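Peer 1: What follows is a single structure, and I will ask about it in a moment.
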Amino acid sequence: MLYIFCPHCGSRSQNEFAYGGDATVKRPDLNNEISDQEWNNFVYLRKSPRGKHLELWHHISGCRQWIKVERDTSTHEIFKTYKADELIE
Amino acid sequence: MSQDFRLDKIGMVNRNKKISFTFNGKKYFGYEGDTIASALIANGVHLVGRSFKYHRPRGFFGVGVDEPYAILQLERNNERDPNIRATEQEIFEGLEVKSVNCWPSVNFDIGAINNFLKMFFPAGFYYKTFMWPPSFWYKIYEPFIRMAAGFGEASTKHDKERYEHKYEYCDLLITGSGPSGLASAYAAAKNGARVILAEDKPRYGGSLLTSDVNIGNQTGTEWSEKIITELKSMSNVIVKNRSQVFGYYDHNMLVMSERISDHLPKTQKYLPKQRLWYIRAKEVLISSGSIERPLVFGNNDTPGVMLSSAAKEYMKVYGVLVGKKPLIFTNNDSGYETAIEFKKNGVNPLILDTRKEPSSDIISEAKNLGIEIKFSHVVVAAKGYKKVKSADIAKISDNKKELSNIENIECDCICVSGFWTPSIHLASQSGNKSEFNEKIDAFIPKKSKQNENTIGSANGKFTLEETINEAFDKGYEVSNKITENNNKVSIPTVVEKKSSEHDKFWCVPLPKGKSYKRFLDFQNDVAVTDIELALREGFRSIEHVKRYTTLGMATDQGKTSNLNGLQLVSDIENKVVPQVGHTTFRPPYTPVTIGAIVGREVGKHSKPTRKSPMHEWHKKNNAVFVDAGVWLRPRYYKQGNETLFEASKREAKNVRKNVGVCDVTTLGKIDVKGPDAAEFLNRVYTNAWLKLPVGKARYGVMLREDGIVMDDGTTTRISENHYHMTTTTAQAANVLSHLEYYLQLVWPELNVNVVSTTEQWAGAAIAGPNSRALLMKLFPNTDVSNEGLPFMGYKEADLFSIPAKIYRISFSGELAYEVNVESDYGNFMWEKIIEVGKEFQIQPYGTEALSTLRIEMGHVAGSELDGRTIPHDASLEGLVSKKKDFIGKRSLSRSAFTKPDREKIVGVVPLDKTTSIPEGSYIVKDPKAKLPNPKLGHVSASCWSVEYDNPFSLAIIKDGKNMIGQKLFAMSPLQNKTIPVEIVSSHYVDPEGKRVRA
Ligand SMILES: [Zn+2]
């Protein structure tokens, strides 16, 4: 069971969290013309990298904040965690 | 009582407490502190089971977790526990155990015929035999394999015992209380670290209990007792015996199984049988010790052949002799300790040492005691079927290939020592890649992967001095990283006699003309010839050899067999062991009961049960409950001998005719607050929200980004910046997460907060033509007329001085209201509604009637919004705004979602107006069409329409809009029914919606 550092609560066991997928996906802006392909990429296509991956976790049984976790998908090593409003380009 | 093999003056069992138990129906006695194994050996019993494949007689091989033979089945308080190791299970008054894998009895076992057919059971026998023809599998092969497979029988009854889970955090977890565990725990505890010390046996001390050593001018036992006593008195230390740390998982989480009551006749009050500990440790010291390695020779599985360290422990810990004519067969000094212990207890052993000219203090001591030693000698084969009676021994040449001077020697046990194998399982599970150490012919941990260090003999340190020094240092070092107390304790001096040199010899060659079975894996009957065959057949990877031969795959996970197996493969392949590599170690290290893994999460405890504040009232009024998500909801209220069908019909009819009340507390409720709340709802829902006035509710549909309907419900504008959202019972948690996702990550600029208020409000839906009349009596001071409180209106009111909220919304299609009060007033509200409603013929109704009412109105619910439907499919396209963007909108223009013959919801009525259509039925054009019959869609929900008194169903079918009026068929292959039906509008009752607006 992973041990995840929530920037709001501290280190907590994985069973307090829900996984939320790739944190680098950006939702297209509202009211923007967008091609089928682009929309398809946003809704369905996800990379599944081996190694470092920035992903979303929801501290569902804690502070209920969505956080970003930089994790190695093969070793489970967690390098750093961020608040939802951090790391936005 | 006579115990022929019990010694008087030695051992740690409590001689003042006799305990009786039965083994295979026969009564035996032992003492408190005995295991089944020690007590049976004291009684001269050595035959306890049969081997897995050949059903060869099985005795005792070890004295702890490594035991491959003595697997028994235990009965305790009418409960059955298979896969018990006799070497671990302590006896208690009334214990009943029996042998497994034998029939009709352990003494006379029919399956032993396999032993004589063993030429037909080579490696891979099952893979080769049970292949063809496929039709044989079900009726012939599978029953045969099932009959032959497995040790013991699991109980089919519900386990009444209680098992617990515990979460614990510590600075340092130490696994094993031998010399290295004790020393490191002491050093770390004295340096202020929070320590957990786990010991799998009942007694602390590990090898110190049985070795003749001196630490700080005390015997090993005295020293370990002193250290344990002091550790137990320290508030920063948890010391646990009968506790096996069996798994090392990610981020330094280890799991430990504590056997709290297994050694007692009955689980004590307020205590569980077993407790599973999830331990998150900052640092881990693995001090799990090592397991003696067998030597391989002919018939080396005969009862009476056992590890020399086991024989010593039976003497020193239990005061039990494993034999009176012992033969010690060793390639290192460990065998001498056992021999000396025999001698001290008046028994004359014979030592066969494979080495030519070894010397050490302990060998000198053995010589001085007059123990007979034959150097360069080996056991060729054990003789005797159910117990060793003699042994063929021989001189072995210096190159270890030739045998000479074969003679037969009488003996009743053969104690073997082929040196020691470090228990590296936990380190390996942590991710530590082990390395082969040539000096000890075994793998030891390499570089730490997580925060783990391995110490003592688990790390290949086989002298006590090295072990103690390393353990004190490590205990200080890892604790100081955490506490920075710099408090170092002094290391005691150590005296030990044996050396740690061993002979690299491990397998006795076969004498000419003999074909003795030489076993490697004692539980799965894997012999040298099986490995040889597997390699001849082309298996090379050690993982494949393992699976093909089943070497190391038994319940003991090859604790005594793995290394000898690797030695053999590397010998045949002319490789060195590190090239062969070892198989992967996976948790659990020892078997863990399913009960411990499950813990308290059994039956109704597997998830929380949520009850509404009105639950007790429902119970008192004969409600029959149904699980709705985690909630318990009344399904119907039984009157007399009513069936579910009759009751739900009565309740639904009463809503249509008079008035009914339904507990809707379970609906998800979310408060949405903030200046941007309207804008947020406008993006979340498919319909428009910017112009909803205060005091008005609106029905809304929300989608996922892929266009599929996620949930629906009404949301009410309570005040300027405050909305009250309702969700379905099932989706409440998902919807909240969904909203939080968009607010926190996608649109953080919106100033909105959401919070669940499901638990804060109790809800009652009052529905039916009399509902307004009832409301007028409940709220005499509030104008609830059609003008005062129109359809989709909202009002705050007081219910007999309790603040209440009235929403004029309807799920039944009737004139209806939903009244909410704070949860604590829920029961008061309910009782008032029932009391005041009497004159209007009010009746409570459950979820079954609720479904009937919504189905015949054509209201969609979970069975239609099943994760596959878009708004159009559920006839919700009228709620999809063309003007604004919202979550999932872009997906709706995908070609698959805009096809003209897209599925749509319809109503289905059987032509005979009597046959109910099973939910899940297919709608087809031609019931006799060739299979697979193309389906148009499926029936999502069925009810008995109380309005028309005939069956009615909802279905989602292709091109549904144009199918209305068609005569089709509903087919349920499951119930073998084909029902001619007519497709009608899904709005079966009051299609214009006049009643809700009345
Ligand atoms: Zn948190």
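Peer 1: Divide by every residue of the protein assembly as shown the summed helix terms, -39500 (n - 2.57) for each DSSP H run of at least 4, and state the resulting mean residue ellipticity at 222 nm, rounded to the nearest 500 deg cm²/dmol. Present the calculation step by step, with values, prior to reporting the outcome.
Peer 2: Values: 26 runs with 226 residues, N = 1087.
Per the formula, -6000 deg cm²/dmol.
Peer 1: What residues have an amide H closer than 5 Å to that of B:Val239, excluding those fewer than 5 places away on the same chain, when H is modeled at 1.01 Å from N in the peptide plane?
Peer 2: Long-range HN contacts for B:Val239: B:Leu197.
Peer 1: Here's another thing I want to ask about it. Just to verify a number: FRET efficiency for B:Ser985 and B:Asp926, C-beta to C-beta distance, R0 = 35 Å, to 0.05?
Peer 2: On the way: r = 24 Å, r/R0 = 0.68.
After rounding, the FRET efficiency stands at 0.90.
Peer 1: A further question on this structure: In whole Å, how far is the Cα centre of the stretch B:539-554 from that of the stretch A:15-60?
Peer 2: 43 Å
Peer 1: OK, next. If you count only protein heavy atoms with a 1.4 Å probe, what accessible area per residue comes out for the protein assembly as shown, rounded to a whole Å²?
Peer 2: Result: 43 Å² of accessible area for each residue.
Peer 1: Additional query: Got a sec to turn the phi values of the stretch B:779-786 into Karplus ³J(HN,Hα) couplings, 6.51 cos²θ - 1.76 cosθ + 1.60 with θ = phi - 60°, whole Hz, x for Gly and Pro?
Peer 2: Karplus values, whole Hz, x for Gly and Pro: 10, x, 8, 10, 7, 10, 5, 4.
Peer 1: While we're on this one: Binning at 10 angstrom from zero up to the longest distance, how are the C-alpha pair distances of chain B distributed in percent?
Peer 2: Using 10 Å bins, I get a P(r) of 2, 10, 15, 16, 13, 11, 12, 11, 7, 3, 1, 0 for chain B.
Peer 1: Am I reading the B/A interface right? What is its buried accessible area, both sides, 1.4 Å probe, to the nearest 100 Å²?
Peer 2: Working: alone 42680 and 6420 Å², together 46670 Å².
About 2400 Å² of accessible surface is lost on pairing.
Peer 1: To two decimal places, what compactness ratio does the stretch B:518-586 give when its Cα radius of gyration is scaled by 2.2 N^0.38 Å?
Peer 2: Details: Rg = 10.6 Å, N = 69, 2.2 N^0.38 = 11.0 Å.
Computed over Cα atoms of the stretch B:518-586, the ratio equals 0.96.
Peer 1: Quote the relative contact order of the stretch B:445-522 in percent (integer), defining contacts as alpha-carbon pairs under 8 Å separated by 6+ residues.
Peer 2: On the way: 31 pairs, mean separation 18.7, N = 78.
Computed over the stretch B:445-522, the figure is 24 percent.
Peer 1: Below 8 Å, C-alpha to C-alpha, sequence gap of six or more: please give me the relative contact order for chain B in percent. It would help to have the intermediate numbers written out before the result.
Peer 2: Values: 2285 pairs, mean separation 88.7, N = 998.
Value for chain B: 9 percent.
Peer 1: Further question on the same structure: Highest GNM mean-square fluctuation, chain A, Cα pairs closer than 10 Å: which of A:Lys52, A:Lys26, A:Lys68?
Peer 2: Its mean-square fluctuation being the largest, the pick is A:Lys26.
Peer 1: Convex hull over the Cα atoms of the stretch B:294-418, averaged projected area in nm²? It would help to have the intermediate numbers written out before the result.
Peer 2: Numbers: hull surface 27.7 nm².
Directional mean of the projected Cα hull area for the stretch B:294-418 stands at 6.9 nm².
Peer 1: If you don't mind, another one. How big is the shadow of the Cα convex hull of the stretch B:230-302, averaged over all directions, in nm²? Walk me through the numbers before you get to the answer.
Peer 2: On the way: hull surface 36.1 nm².
It is 9.0 nm².
Peer 1: Tell me the Kirkwood radius of the stretch B:899-998: reciprocal of the mean inverse pair distance over distinct alpha-carbon atoms, in Å.
Peer 2: Numbers: mean 1/r = 0.0727 Å⁻¹.
Kirkwood hydrodynamic radius for the stretch B:899-998: 13.8 Å.
Peer 1: With the crude spin-label approximation of a point 7 Å out along Cα→Cβ, what separation in nm comes out for B:Lys367 versus B:Asn77?
Peer 2: For the pair B:Lys367/B:Asn77, the computed spacing is 5.9 nm.
Peer 1: Could you calculate the contour length gain from B:Ser719 to B:Val602, that is, 0.36 nm times the residue separation minus the distance between their Cα atoms, to one decimal place in nm? All intermediate terms of the calculation are to be shown ahead of the outcome.
Peer 2: Details: separation 117, 0.36 × 117 = 42.12 nm, distance 4.50 nm.
Here the segment from B:Ser719 to B:Val602 would lengthen by 37.6 nm.
Peer 1: Here is a follow-up. Pop a pseudo-label 7 angstrom from the Cα along the beta-carbon direction at both B:Ser893 and B:Glu222 and give the gap in nm to one decimal.
Peer 2: With each label placed 7 Å out from Cα toward Cβ, I get 9.1 nm.
Peer 1: Restricting to Cα pairs below 8 Å that are 6+ residues apart, what does the relative contact order work out to for the stretch B:734-814? Please round to a whole percent. The partial results should precede the final answer.
Peer 2: Values: 56 pairs, mean separation 15.9, N = 81.
Averaging sequence separation for qualifying contacts and normalising by length gives 20 percent for the stretch B:734-814.
Peer 1: With +1 assigned to the C-beta of every Lys and Arg and -1 to the C-beta of every Asp and Glu, and no other charges, what is the dipole magnitude of the protein assembly as shown about the Cα centre in debye, to the nearest 20?
Peer 2: Working: 144 positive and 130 negative charges, 387 e Å.
Once rounded to the nearest 20, the dipole reads 1860 debye.
Peer 1: Oh, and also: Calculate I(q)/I(0) for the stretch A:4-89 by the Debye formula, one identical point scatterer on each C-alpha and no solvent, and give its log10 at q = 0.11, 0.16, 0.21, 0.23 Å⁻¹ to two decimals.
Peer 2: -0.35, -0.68, -1.01, -1.12
Peer 1: Hey, another quick one. List residues of the stretch B:868-911, by number, whose backbone nitrogen lies under 16 Å from a label position 7 Å along Cα→C-beta of B:Asp959.
Peer 2: So the set is B:898-906.
Peer 1: Of A:Leu45, A:Leu56, A:Leu30, which has the largest mean-square fluctuation in a 10 Å C-alpha GNM of chain A?
Peer 2: So, out of A:Leu45, A:Leu56, A:Leu30, the one fluctuating most is A:Leu30.
Peer 1: OK, next. If I compute solvent accessible area with a 1.4 Å probe over the protein chains, what percent of it on chain B is carbon and sulfur?
Peer 2: 52 percent
Peer 1: Shifting gears a bit: Could you derive backbone 3J(HN,Hα) for the stretch B:933-949 from the dihedral phi with the Karplus parameters 6.51, -1.76 and 1.60 (θ = phi - 60°), listing whole Hz in sequence and x where the residue is Gly or Pro?
Peer 2: 5, x, 9, 8, x, 9, 7, 9, 7, 10, 8, 9, 5, 7, 6, 10, 6
Peer 1: Additional query: Where the centre of each part is set by its Cα atoms, how far does the stretch B:807-848 sit from the stretch B:394-429, in angstrom?
Peer 2: Cα centroid to Cα centroid, the span is 82 Å.
Peer 1: Let me ask something additional. Would you kindly calculate the translational diffusion coefficient of the protein assembly as shown, applying Stokes-Einstein with the Kirkwood radius from alpha carbon pairs, for 25 °C and a viscosity of 0.890 mPa s, and quote it in µm² s⁻¹ without decimals? Each step should come with its number before you reach the end.
Peer 2: Working: Rh = 34.7 Å.
My calculation gives 71 µm²/s for D.
Peer 1: Which FRET efficiency, nearest 0.05, do A:Cys9 and B:Glu759 yield, Cβ-Cβ r, R0 22 Å? Let's see the in-between values first.
Peer 2: Numbers: r = 22 Å, r/R0 = 0.98.
E(calc), rounded to 0.05, equals 0.50.
Peer 1: Further, regarding this structure: Could you give the distance between the Cα centres of the stretch B:30-105 and the stretch B:857-903, to the whole Å?
Peer 2: If we compute the Cα centre of each part, the gap is 65 Å.
Peer 1: Express the Stokes-Einstein translational diffusion coefficient of the stretch B:817-973 in µm² s⁻¹, to the nearest whole number, given a Kirkwood radius over alpha-carbon pairs, 10 °C and a viscosity of 1.306 mPa s.
Peer 2: Working: Rh = 18.3 Å.
It comes out at roughly 87 µm²/s.
Peer 1: Also: Please list the three semi-axes, largest first and in whole Å, of the ellipsoid equivalent to the stretch B:624-782, using sqrt of 5 times the eigenvalues of its alpha carbon gyration tensor.
Peer 2: 33, 20, 13
Peer 1: Here's another thing I want to ask about it. For A:Ser61, put the label point 7 Å out on the Cα→Cβ axis and report which residues of the stretch A:1-24 keep their amide N under 20 Å from it.
Peer 2: So the set is A:1-21.
Peer 1: If R₀ is 60 angstrom, what is the calculated FRET efficiency for the pair B:Asn734 and B:Asn485, using the beta carbon separation as r and rounding to 0.05?
Peer 2: Rounded to the nearest 0.05, the efficiency is 0.80.
Peer 1: Oh, and also: With unit charges on the beta carbon (Lys/Arg positive, Asp/Glu negative), name the residue among B:Ser863, B:Ile806, B:Trp761 whose Cα is farthest towards the positive pole of the charge dipole of the protein assembly as shown.
Peer 2: B:Ser863
Peer 1: For B:Lys395 and B:Glu93, calculate 0.36 nm times their separation in residues minus their Cα-Cα distance, and state this gained length in nm to one decimal. Could you put the intermediate results ahead of the total?
Peer 2: Numbers: separation 302, 0.36 × 302 = 108.72 nm, distance 4.85 nm.
Extending this stretch completely gives an extra 103.9 nm.
Peer 1: Using 0.36 nm per residue, how much length does the chain from B:Tyr167 to B:Leu750 gain when fully extended, once their Cα-Cα distance is taken away? Spell out each step's value before the answer.
Peer 2: Details: separation 583, 0.36 × 583 = 209.88 nm, distance 3.92 nm.
Contour length minus Cα-Cα distance gives 206.0 nm.
Peer 1: For labels at B:Arg536 and B:Lys696 in the simple 7 Å Cα→Cβ model, what's the distance in nm?
Peer 2: Those two pseudo-labels are separated by 9.0 nm.
Peer 1: For a test of understanding, tell me how many lysine pairs in the stretch B:899-998 have Cα atoms under 16 Å apart, given they are 8 or more places apart or on different chains.
Peer 2: Lysine pair count for the stretch B:899-998: 18.
Peer 1: Take every Cα-Cα pair in the stretch B:719-830 and report what % of them are more than 20 Å apart. Walk me through the numbers on the way to the answer.
Peer 2: Values: 3067 of 6216 pairs.
Counting pairs separated by more than 20 Å, the tail of P(r) holds 49 percent.
Peer 1: In whole Hz, with x marking every Gly and Pro, tabulate ³J(HN,Hα) for the stretch B:908-925 from phi via Karplus 6.51 cos²θ - 1.76 cosθ + 1.60, θ = phi - 60°.
Peer 2: Values per residue, Gly and Pro as x: 10, 10, x, 4, 7, 6, 9, 7, 6, 9, x, 5, x, 4, 8, 9, 10, 7 Hz.
Peer 1: Relative to the isolated chain, which residues of the stretch B:676-705 have their accessible area cut by 30 Å² or more in the presence of all protein chains (1.4 Å probe, heavy atoms, no ligands or nucleic acids)?
Peer 2: Residues shielded by partner chains are B:Glu705.
Peer 1: Give me the lysines in straight-line cross-link reach of B:Lys53: C-alpha distance below 20 Å, same-chain residues under 8 apart excluded.
Peer 2: Correct list for B:Lys53: B:Lys98, B:Lys118, B:Lys128, B:Lys386, B:Lys387, B:Lys517, B:Lys546, B:Lys559.
The values are calculated or read from the model by the stated rules, or taken from the named source; none is laboratory data. In this text the structure is predicted, and so the values were computed from the model without any measurement. For neighbour counting, all protein chains shown are included, and Cβ atoms are generated from backbone atoms with ideal geometry for every residue, glycine included. For accessibility, only protein heavy atoms count, side chains too; no ligands or nucleic acids. Shrake-Rupley method; radii C 1.70, N 1.55, O 1.52, S 1.80 Å.
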